[in-house]
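Let me begin by presenting the structure, written as structure tokens, before commenting on it.
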Amino acid sequence: MSKFTGSRRLLAAAGLAAVLLAATACGPGEENSTAAATTAATAATPAAPGTSAPGAAGDAGTAGGGRLVAANSPTLGAIVTDGSGRTLYRFDKDTSKPSASTCVDACAAKWPPVPAQEKVDVTGVESALVGTVTRPDGSKQLTLNGWPLYRFAGDTAPGQTNGQGVGGTWFASTPEGKKAQAAAGGAGTGQASAPAPSASKPQTGGYPSGY
């Protein structure tokens, strides 16, 4: 009986030594270091996609702000472009008073509406003429003097005006929101060698009339 009692005492002593060793390994200093490391790791973890830090929304709004620039076309004279130099157009089937956009679906695929931005910078364009209109799908579109503005899918580089006269209803916008008129000897394509569009035979550019 004494033999078993001694064994139990030996096992109890060994267990107590193990507990004391664990307590020493996780002393106050070690615990504080672990907490600090956890805090640092949390701070270094990037935000999940879709979240933003304070002020990020405002910065994004500024960076994504639209831009209207009065430019000079060799064939059309004064026109309006976006911040990338792409020509902006107006559609005769739209209305300016009140502003209304009628280019939707297939038309909008070929003539992408210029989306309204919270901030629009202007150069050579009166800011009082800049506005917005609600499209049939509920999105907002930029307007100039009441006329909704569009880009043209047929313009593949800044400065091109291939949409001028398409269907007899599409025209580059002037800085006043009016229709740009092709100068003699130019078709509004940015290439003076092309013939001017005839009033009796509207330029279509390969697109159906009206689009």
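Summary table below
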{"read-out": "Extreme residue, nearest to the chain's Cα centre (by Cα), among residues of segment 141-168 that are surrounded by fewer than 24 Cβ atoms within 10 Å (Cβ to Cβ), on the phi > 0 side of the Ramachandran plot and in a loop (DSSP other than H, G, I, E, B)", "value": "Gly159"}
{"read-out": "Residue in segment 175-182 that is touching a residue at least 60 places away in the same chain (Cβ under 8 Å), under 15 Å from Lys93 (Cβ atoms) and either open to solvent by less than 20 Å² (accessible area, probe 1.4 Å) or not aliphatic (A, V, I, L, M) (or both) present", "value": "yes"}
{"read-out": "Residues being at pLDDT below 95 and open to solvent by less than 50 Å² (accessible area, probe 1.4 Å) - total across segment 56-74", "value": "6"}
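Let's see how each residue does on (1) within 20 Å of Gly66 (Cβ to Cβ); (2) open to solvent by 50 Å² or more (accessible area, probe 1.4 Å); (3) aliphatic (A, V, I, L, M):
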{"residue": "Pro113", "(1), (2), (3)": "yes, no, no"}
{"residue": "Val125", "(1), (2), (3)": "yes, no, yes"}
{"residue": "Gly131", "(1), (2), (3)": "yes, no, no"}
{"residue": "Trp170", "(1), (2), (3)": "no, no, no"}
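The values are calculated or read from the model by the stated rules, or taken from the named source; none is laboratory data. Being a predicted model, the structure only gives us computed values, none of them experimental. Because the Cβ atoms are built from the backbone with ideal geometry, glycine has one as well, and the counts that use them run over all protein chains shown. SASA here: full protein model, heavy atoms, side chains in, ligands and nucleic acids out. Shrake-Rupley method; radii C 1.70, N 1.55, O 1.52, S 1.80 Å.
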